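Student: The structure's right below; bear with me while I get my questions together.
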Amino acid sequence: MEIRKTILTRFSLFYVAAIIFALLLMGNIFIIQQDKSWDQKGERLDVKEVTIPARRGDICADDGRPLATSVPYYELRMDLAAPGVKEVFNAKVDSLAYYLAHFFRDKSEAAYRHELRSAYRQGARYHLINPRKVNYLELQKIEKFPIFRRGRNRGGLIAEQENLRVYPFGNMATRTLGRMSSTVYGGTHGSVGYYGLEEAYESYLKGEDGLALKRNLSGRWLYVSKEDPQDGYNLITTINVNFQDMVMHALKKEMVDSRAKYGTAVLMDVKTGDIKAIANYGRDDNGDLVEGYQNYAIGNSGNAEPGSTFKLVSLMAALEDGKVDTSTIVDTGNGVWKYKDRTVYDSDWRHGGHGKITMKQVFELSSNVGVAKIITKAYAGHERDFVDRIYSFGLNQPVDLGIKGEAKPFIKYPGGGNGWSGVTLAWMSFGYELKLTPLQMLTFYNAVANNGRMVEPRLVQAIDRNGREVKEFKTKVMNPKICSSETLNKVHDMLRGVVVRGTAKSLNTPAYEIAGKTGTAQVANQSEGYFHASGRIYQASFVGYFPADNPRYSCIVVINGPKGAYYGGSVAGPVFREISDNVYASDLRMHDDLDISAFAGKQDYPGEVSGKRKDLEEVLDDADLLHGWFHGSSEWAEMDTTNHDVELGPLKVVPGVMPKVTGMGASDAVYILENRGLRVSVSGRGRVLTQSIPAGTKYQTGQSVRLRLGE
């Protein structure tokens, strides 16, 4: 019995010991697992997954200069718990506060010292030094400040890079280029293109973000792995920076002078349809003039009745259909014509009108009565034929510029349920009861200048990455021939006549030929019609091309709501002329090549000719003229003759001193002077004969200089 009791006791003790051992073992396992769990949690706390934003692609001008680009900026923070900072903080905090206060100039030295000490006491590892982001050059300076100069690991400075969108030319072509916004789509997509090219080409420009893991090692966040971002593609636009500046300057000046509501101007290459410049000025809520307020060239805000510029469309239709000829006599009477229950007026009806004139004169003098009589006589009872002919010109189709917001053309069709009435035919003939944007009207006139070949306006010519073209946007032909060559020849002559003898004769210049049409239209709104409480509102326009004998560029200028004078020839016309003058002076393609035969075989060489060294050397080589060479790398040269020997020497250009540009071609002279901050105006044709600021005298940046050209 005792033996059995002893055995049970020992077994019980063993059993209890086994249970205790098992419990201890399970406890240790649990503790170990907990330790691993916390280690894993600690690792997760010490590792961050961060997005590396891709660099947004550039939007470039036609010569590659960036119109919109992304530049690295840095947000400055400080790790005040870093061991290296603790070693010197108390001794150097006053000096650091002094440097920060003098650099940012937003707070006192004492304020910075207080903020730094407070953050230091709290052991802040991510203290924001200043909300203003700094560029790379500024960062280099800041890295040399006290404490920070100890280096990235021991100085506590944390510089977090962010690519910010900048526009090197300021507000140039704002509405066309677009801007960035972080509030679009509720902010869920970050900063994206808001309008213009930034929005239209968002998928190309944005690139693909990268991914990185950062690990906290001894208080410093270091990259432990990285998936590099793919930078965005670049857009190569058709915009010419110099032309854009010319167009904006000319339009803005008239907007200020006329106190107009809004205005737009577009310059287009005739052959390719390339938009070389596009400017938009409007008024903000305070009445201040701003660039890019709306895109009046293509959007609904500028979609309006064109007025007299549409007369070309009407008369071209009648010519193409054989209804009339340029010599047809039209009786415009005293400038007042009763048509059904409406009355048509000519602009000079108070002076007795034009009486009997030819169809060509009807166009040159912009007679509403004359055009209405021609079209109603030709198409009364056959109104659909008239509109069908207009449609065949392509005017009922929108032009795809590649950016959002283009307004659709509105041209009524008989029986189409769109408001066609008994007087629509007459009123449409001189540009009412229809709506077109300025760009749609320019596209038509550009086709006339381009021998009837209608091309689609082009704003982007290519997409590239790292200098390698990945996509090309070729010129698209909308209509290979909008009308017969016979009709084109007649309308070319009519458009030239407007400038020589008609409503735009103030634009005529002996330097080169301009062809175009003035437009003046009353502006209607839905509530008041054409008679506003504040009086009648007019829209002035001029659209045409130059040089008329070999068209290179077409251009339209539209100015809405000018105060005072409101006719197209006196408001929009001068803007066109200033644009065409400056473009003509700047574009070497529109000037005759230097006549080499004028040099060859002559005893007397021109005494003063200057320009690009390479061009002058080629001219002299081709003419087989011996000449001396100068040594050096100067791009510009001047030619002189001594004892009938032609010598080339470097053109002397001293900063702040007016260079000698007499003897140069217009484009070279304008290039040199504008690159020195001067505003240049040009008159005449040929080489520079005189300059209003004599060579060798001092000038001020922004000063105006006049160049007179001659043969």
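The values are calculated or read from the model by the stated rules, or taken from the named source; none is laboratory data. All of these numbers come straight from a predicted model, not from anything done at the bench. Using ideal geometry, Cβ is built from the backbone for each residue, glycine included, and neighbour counts are taken over all protein chains shown.
Student: Looking only at residues in the stretch 45-66 that are among the charged types (D, E, K, R) and part of a loop (DSSP other than H, G, I, E, B), which one is farthest from Ala200 (Cα to Cα)?
Tutor: At the first step, the residues of the stretch 45-66 found to be among the charged types (D, E, K, R) are 46, 48-49, 55-56, 58, 62-63, 65.
The next check asks that each one be part of a loop (DSSP other than H, G, I, E, B); those that pass are 46, 55-56, 58, 62-63, 65.
Numbers: Asp46: 41, Arg55: 18, Arg56: 14, Asp58: 14, Asp62: 18, Asp63: 21, Arg65: 20 Å.
Selected residue: Asp46.
Student: Scan the stretch 310-349 for residues that are of a type in the set (S, T, N, Q) and over 19 Å from Gly422 (Cα atoms) and jot them down.
Tutor: If we filter the stretch 310-349 for residues that are of a type in the set (S, T, N, Q), which is where we start, we get 314, 326-328, 332, 334, 343, 347.
Residues satisfying the conditions are Thr326, Ser327, Thr328, Thr332, Asn334, Ser347.
Student: Looking at the stretch 104-125, is at least one residue touching a residue at least 60 places away in the same chain (Cβ under 8 Å) and assigned to a strand (DSSP E or B)?
Tutor: Narrowing the stretch 104-125 to residues touching a residue at least 60 places away in the same chain (Cβ under 8 Å): 125.
Filter once more, keeping what is assigned to a strand (DSSP E or B): none.
No, the stretch 104-125 contains no residue that is touching a residue at least 60 places away in the same chain (Cβ under 8 Å) and assigned to a strand (DSSP E or B).
Student: Also, quick follow-up: Out of the residues in the stretch 413-436 that are within 38 Å of the chain's Cα centre (by Cα) and assigned to a loop (DSSP other than H, G, I, E, B), state the one that is farthest from Ser367 (Cα to Cα).
Tutor: Among them, the one singled out is Asn418.
Student: Go through the stretch 158-186 and give me each residue that's touching a strand residue (DSSP E or B) at 6+ places or on another chain (Cβ under 6 Å) and either part of a strand (DSSP E or B) or among the acidic types (Asp, Glu) (or both).
Tutor: Hits for the stretch 158-186 are Ile158, Ala159, Glu160, Gln161, Glu162, Asn163, Leu164, Arg165, Val166, Met180.
Student: Right, here's the next one. Tell me the residue from Gly431, Gly497 that is of a type outside the set (Phe, Trp, Tyr), surrounded by 15 or more Cβ atoms within 10 Å (Cβ to Cβ) and within 25 Å of Tyr262 (Cβ to Cβ), please. Break it down stepwise before answering.
Tutor: On the way: Gly497 fails: within 25 Å of Tyr262 (Cβ to Cβ).
The match here is Gly431.
Student: What residue, among those in the stretch 152-172 that are small (Gly, Ala, Ser) and touching a residue at least 60 places away in the same chain (Cβ under 8 Å), is surrounded by the most Cβ atoms within 10 Å (Cβ to Cβ)?
Tutor: So the first thing to find is which residues in the stretch 152-172 are small (Gly, Ala, Ser), and the list is 155-156, 159, 170.
Next cut, touching a residue at least 60 places away in the same chain (Cβ under 8 Å) only: 155-156, 159.
On the way: Gly155: 22, Gly156: 28, Ala159: 19.
Checking each candidate, the answer is Gly156.
Student: I've got another one for you. Could you pull out the residue among Asp209, Asp257, Asp228, Asp245 that is closer than 30 Å to Ala462 by Cα, modelled with pLDDT of 90 or more and surrounded by fewer than 24 Cβ atoms within 10 Å (Cβ to Cβ)?
Tutor: Exactly one of Asp209, Asp257, Asp228, Asp245 is closer than 30 Å to Ala462 by Cα, modelled with pLDDT of 90 or more and surrounded by fewer than 24 Cβ atoms within 10 Å (Cβ to Cβ), namely Asp245.
Student: Going by the conditions given, is Arg149 touching a Gly at 6+ places or on another chain (Cβ under 9 Å) and in contact (Cβ under 8 Å) with a residue 40 or more places away in the chain?
Tutor: no
Student: Quick test for you: out of Glu320, Glu364, pick the one residue that is closer than 16 Å to Thr503 by Cα, surrounded by 15 or more Cβ atoms within 10 Å (Cβ to Cβ) and in contact with a Lys or Arg (Cβ under 8 Å, 6 or more places away or on another chain).
Tutor: Working: Glu320 fails: closer than 16 Å to Thr503 by Cα.
Criteria check complete, one pass: Glu364.
Student: Test each condition in (1) without any contact (Cβ under 8 Å) to a residue 60 or more places away in the chain; (2) closer than 30 Å to Lys476 by Cα for Lys323 and report the one that comes out false.
Tutor: That leaves (2) as the condition not met.
Student: Of everything in the stretch 67-83 that's in a strand (DSSP E or B) and among the hydrophobic types (A, V, I, L, M, F, W, C), which residue is farthest from the chain's Cα centre (by Cα)? First the steps, then the outcome.
Tutor: From the stretch 67-83, those in a strand (DSSP E or B) are 67-78; that's our starting set.
From what is left, the residues that are among the hydrophobic types (A, V, I, L, M, F, W, C) are 67-68, 71, 76, 78.
Working: Leu67: 7, Ala68: 9, Val71: 19, Leu76: 33, Met78: 40 Å.
This residue is Met78.
Student: While we're here: Which numbered condition trips up Ala462, out of (1) without any contact (Cβ under 8 Å) to a residue 12 or more places away in the chain; (2) part of a strand (DSSP E or B)?
Tutor: (1)
Student: Looking only at the stretch 75-95, decide whether some residue is assigned by TED's automatic domain parsing to the domain that holds Lys206, at pLDDT 90 or above and within 30 Å of Leu235 (Cβ to Cβ).
Tutor: yes
Student: Mind telling me which of the residues Leu401, Leu439 ends up being in a loop (DSSP other than H, G, I, E, B) and touching a Leu at 6+ places or on another chain (Cβ under 8 Å)?
Tutor: On the way: Leu439 fails: in a loop (DSSP other than H, G, I, E, B).
Within the list Leu401, Leu439, the selection yields Leu401.
Student: Exactly one of (1) buried (at least 21 other Cβ atoms within 10 Å of the Cβ); (2) at pLDDT 95 or above; (3) under 28 Å from the mean Cα position of the chain (by Cα) is unmet by Ile403. Its number?
Tutor: (2)
Student: Something else: For the stretch 384-435, give me each residue that is more than 22 Å from Glu456 (Cβ to Cβ) and among the aromatic types (Phe, Trp, Tyr).
Tutor: Answer for the stretch 384-435, where residues must be more than 22 Å from Glu456 (Cβ to Cβ) and among the aromatic types (Phe, Trp, Tyr): Phe386, Tyr413, Trp420, Trp427, Phe430, Tyr432.
Student: Can I ask one more? Please pick out the residue among Phe393, Phe410 that is surrounded by fewer than 18 Cβ atoms within 10 Å (Cβ to Cβ), farther than 24 Å from Ala277 by Cα and out of contact with any helix residue (DSSP H, G or I) (no Cβ under 6 Å at 6 or more places or on another chain). It would help to see each step written out before you state the result.
Tutor: On the way: Phe393 fails: surrounded by fewer than 18 Cβ atoms within 10 Å (Cβ to Cβ).
Just one listed residue meets the conditions, Phe410.
Student: Right, something else. Exactly one condition in (1) within 20 Å of the chain's Cα centre (by Cα); (2) part of a strand (DSSP E or B) is false for Gly232; which is it?
Tutor: For Gly232, the exception is condition (2).
Student: Could you please find all residues in the stretch 473-492 being within 20 Å of Leu312 (Cα to Cα) and exposed (fewer than 14 other Cβ atoms within 10 Å of the Cβ)?
Tutor: Pro480, Lys481, Ser484, Ser485, Glu486, Asn489, listed by residue number.
Student: Can you tell me which condition Val470 does not meet? The list is (1) hydrophobic (A, V, I, L, M, F, W, C); (2) surrounded by 16 or more Cβ atoms within 10 Å (Cβ to Cβ); (3) not in a helix (DSSP H, G or I), and all the others hold.
Tutor: (2)
Student: Go through the residues of the stretch 695-702 one by one and say whether even a single one is more than 20 Å from Phe243 (Cα to Cα), loosely packed, with under 15 Cβ neighbours inside 10 Å and modelled with pLDDT of 75 or more.
Tutor: yes
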